[in-house]
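Any read-out appearing in this document is the output of simple, stated calculations on the displayed coordinates, not a laboratory observation. Please read these numbers as outputs of a predicted model, since none were measured by experiment. As a convention, Cβ positions derive from the backbone with ideal geometry for all residues, glycine included, and neighbour counts pool all protein chains shown.
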Amino acid sequence: MHRGKGMKFVGDSRISAERKHNIPKDYSEYPGRTEAFWPNFLLKEWLVGSVFLVGFLSLTLAHPSPLEGVADPTDAAYVPLPDWYFLFLYELLKYDFASGPYTLMGIIVIPGLAFGALLLAPFLDNGPGRRPYQRPIAVGMMLLAVTSVIWLTYESAAHVDWETRAEQNKPIHPDEQVNIDTEDPGFAIYESNCLSCHGDDLSGGGAGPSLIGIDRSAEEIATIATDGVGSMPADQFTGSDEELDQLVEFIMSVNEE
């Protein structure tokens, strides 16, 4: 044998000297599958996920979620609500078959069966096709789940006055200080009509929210005092029109400082 003919030199005996090009497999024999999962299909998934993530983060920066004030355990009129992505479960607990003595049905059994069914969907409908009409069981279960979540979320959110709720539970900056002029004639009217709910320093603490930092006009404050708003009933104010004007001026003066 002549030197150099038929001889292959490698640095490591575990490495094949034959170079194979990275050619994707032929998926023509598999219906609906025309490309490799890695990296072709997975790269598309990452691109879609990245676009959604950037859009979602931009939305949170443009419209930040409103925060409420510090939790007050003495406020019996406060109605807690979960975040928007749990509103459908909150609405589910309002039905007779998922509340009261059947609470476990609403918090464990029904959600467990629903999400468990979605986990089993690929195994219940494991046909080779990828088109919706070729996967009727999986597609039907997913459409039922999405429709149920959207409808329950809408039903729960439609009965809440979100603007009024945010205004009533508006947080107060811890460094914010106000001076209460107890000699103001409006303060005496405030004591007899509002102090029991809104506190002696207008910071809430009782059945009513804080009156400090509110973004309301004088007309709006007067209307709320006589007609009520949210959980505040009407006819809370029992004074005259002149006393109402004094009360409104007092509240406005506190918020102008």
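A few remarks follow.
- Each listed q (0.18, 0.21, 0.32 Å⁻¹) maps to a log10 I(q)/I(0) for segment 51-103 from the Debye sum over equal C-alpha point scatterers, namely -0.85, -0.93, -1.13.
- One quarter of the surface of the convex hull around the alpha-carbon atoms of segment 102-169 equals 6.9 nm², the direction-averaged projected area.
- Hydrodynamic radius (Kirkwood) for segment 185-256, which is based on Cα pairs only, to one decimal in Å: 11.9
- Estimated vicinal HN-Hα couplings, Hz - segment 117-129 in sequence order (Karplus 6.51, -1.76, 1.60; Gly, Pro = x): 5, 5, 5, 8, 3, x, 7, 6, 9, 10, x, x, x
- Using the Cβ-Cβ distance between residue 145 and residue 215 with R0 set to 35 Å, the FRET efficiency works out to roughly 0.30.
- Peptides ranked, highest mean first, by Cβ atoms within 10 Å: ranges 94-106, 192-204: 192-204, 94-106
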